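The values are calculated or read from the model by the stated rules, or taken from the named source; none is laboratory data. Model, not experiment: these values are computed from the prediction. Virtual Cβ from ideal backbone geometry, glycine too; neighbours counted across all protein chains shown. With ligands, DNA and RNA removed, areas are computed over all heavy atoms of the protein, side chains included. Shrake-Rupley method; radii C 1.70, N 1.55, O 1.52, S 1.80 Å.
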Amino acid sequence: MKQPLRSFSRRHFLLTAGVSAGAALMKGCSLNPPSPSSLSPKAQALDLGSAQMPEVPGIKLGYIAIVEAAPLIIAQEKGFFARHGMSQVQISKQASWGAARDNIEIGSAGGGIDGGQWQMPMPHLISEGLITKGNRKIPMVVLAQLCTHGNGIAIAKKHIGKGIGLDLTQGGGQYIKDLAAAGNKFKAAYTFPKVNQDFWIRYWLAAGGVDPNKDVDLLAVPASQTVANMRTETMDGFSTGDPWPYRIVRDKIGYLAVLNAQVWQDHPEEYLALRRDWIEKHPKATKALLKAVMEAQMWCDDPKNRDEMVQILAQRKYFNVPTQFLRAPYDGEYPLGDQFTKIVDPKLRTMYWKDNKASVSYPYQSHELWFLTESVRWGFQPPEILGEADRIIKSVNGEKYWKEAAMELAMVNNQITVKDIPQSPSRGIEKFFDGVEFDPSKPKAYLDSLKIKAIKA
């Protein structure tokens with residue numbers, strides 16, 4: 001983080017958030033639980049044999065109130081956890097990613113959590129002791145990708161007409177650099193340093209000729225504070241997950257400059273990961289959790305469930321937002337750019353089970369390699385770490401559990417077949433909007449091809 005938030009107090013945030021929530025409720029946007037009559041039946045419990053009965057019926061999982069958390073919430077609300085013998089799962093809303101990190105350190109026995117939703121590569125950083133107190137190593141296992149898409153970069157309304165859109169080479173990039181030259185750097189935020197949403201905004205800026213380490217001030221701000229910070233003009237841009245970018249547009253305090261789905265279509269988003277010590281004690285419970293999450297992902301992707309999903313997620317105890325801030329994005333409908341041009345493209349919507357390329361849920365090792373390579377690109381980790389990439393990734397990647405759970409699930413759910421189980425840990429060459437390609441077999445070549453970076457590849 002280059003610059004602290006000086007002008008933003010907790011008191012100011014609470015007051016602003018209270019006014020915003022109150023205004024929403026005044027408009028008749030209920031945040032209360034949906035009527036039972038509007039909900040479909042919960043999943044039926046399976047008659048489990050000893051081979052699949054979990055060692056324990058419960059676990060405590062953390063989540064952040066953005067669309068990536070939907071599979072965990074739906075697994076709880078629609079009975080998928082209970083269906084697989086995990087009837088005492090607790091899902092706990094985390095105040096921030098830093099709070100989630102702190103809670104995984106102490107574990108549920110100490111009042112924290114055993115795992116949950118994570119930005120990548122947080123599980124690797126925690127496992128290596130790079131972001132923990134005293135550099136304590138807490139081995140983690142990445143079990144599944146939770147979704148693709150659902151993230152965007154919102155820009156404050158004062159920058160309307162300055163060319164800040166998907167392609168910054170059309171004028172927006174120079175505008176941002178001119179601000180820096182005048183001593184008034186563009187302030188952009190993400191929700192936690194050196195992970196997903198930091199990488200997304202850095203990639204976009206660099207592709208447009210803007211050096212994120214020199215031409216802008218980047219800082220970390222919790223997702224729940226996005227709207228208040230933009231309203232008070234504390235920041236100029238924000239990279240985070242729905243419903244926050246869409247809400248910035250609906251509240252008329254900014255516009256949605258770019259969807260991450262445009263930068264890298266079908267990109268890896270956030271993941272389910274648990275402490276390794278919990279998994280080793282409860283291997284059957286681990287697979288039960290995975291099966292529940294997989295079924296929840298299938299449920300989330302079914303168009304007929306979208307209205308109900310939005311009703312569930314919008315509740316005060318979960319996202320605490322009016323339903324209209326969620327519904328349109330699930331159809332790929334966004335008011336995009338500073339002209340608020342309405343686009344409707346289902347290929348850009350959030351997807352949980354399958355995307356336009358392959359499996360969403362399967363934890364591809366090639367994607368983990370990209371995050372590691374980007375960490376090197378921005379100087380977060382030394383170049384030598386790529387020589388250890390295979391060890392680092394395989395020590396954290398849990399594809400073994402995913403595949404075993406998928407095979408077991410195929411016996412009771414006809415929505416999954418053998419063809420849904422990837423045969424390779426690599427999804428192959430990935431392509432970005434600026435023409436750059438990432439070949440997982442040649443990460444150094446990818447680094448060499450990038451013009452803006454913090455290291456010499």
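For this structure, a couple of remarks:
- Residues in region 115-147 that are in a helix (DSSP H, G or I), open to solvent by 10 Å² or more (accessible area, probe 1.4 Å) and farther than 19 Å from GLU280 by Cα: LEU125, LYS133, GLY134, ASN135.
- Residue in region 339-352 that is over 22 Å from the mean Cα position of the chain (by Cα), in contact (Cβ under 8 Å) with a residue 40 or more places away in the chain and surrounded by fewer than 19 Cβ atoms within 10 Å (Cβ to Cβ) present: yes
- In the set (1) surrounded by 12 or more Cβ atoms within 10 Å (Cβ to Cβ); (2) assigned to a helix (DSSP H, G or I); (3) charged (D, E, K, R), ARG427 fails one condition alone, (2).
- Residues of region 359-385 classified as part of a helix (DSSP H, G or I) and either under 21 Å from ASP302 (Cβ atoms) or under 24 Å from the mean Cα position of the chain (by Cα) (or both), total: 13
- Neighbours by Cβ (under 7 Å, 6+ apart or cross-chain): first from region 293-317, over 17 Å from GLY116 (Cα atoms) and without any contact (Cβ under 8 Å) to a residue 60 or more places away in the chain; second part of a loop (DSSP other than H, G, I, E, B) and open to solvent by less than 10 Å² (accessible area, probe 1.4 Å): ASP301/TYR352
- Only one of ALA180, ALA189 that is farther than 19 Å from ASP242 by Cβ and either open to solvent by less than 10 Å² (accessible area, probe 1.4 Å) or out of contact with any Gly (no Cβ under 9 Å at 6 or more places or on another chain) (or both): ALA180
- Taking the listed residues GLY254, GLY237, GLY241, the one that is within 16 Å of the chain's Cα centre (by Cα) and open to solvent by less than 10 Å² (accessible area, probe 1.4 Å) is GLY241, with no other qualifying.
- Entry remark, region 79-114: residues being out of contact with any helix residue (DSSP H, G or I) (no Cβ under 6 Å at 6 or more places or on another chain) and not in a strand (DSSP E or B) number 22 in total.
- Test for GLY152: is it modelled with pLDDT of 95 or more, farther than 30 Å from PRO283 by Cα and either of a type in the set (A, V, I, L, M, F, W, C) or outside any helix (DSSP H, G or I) (or both): no
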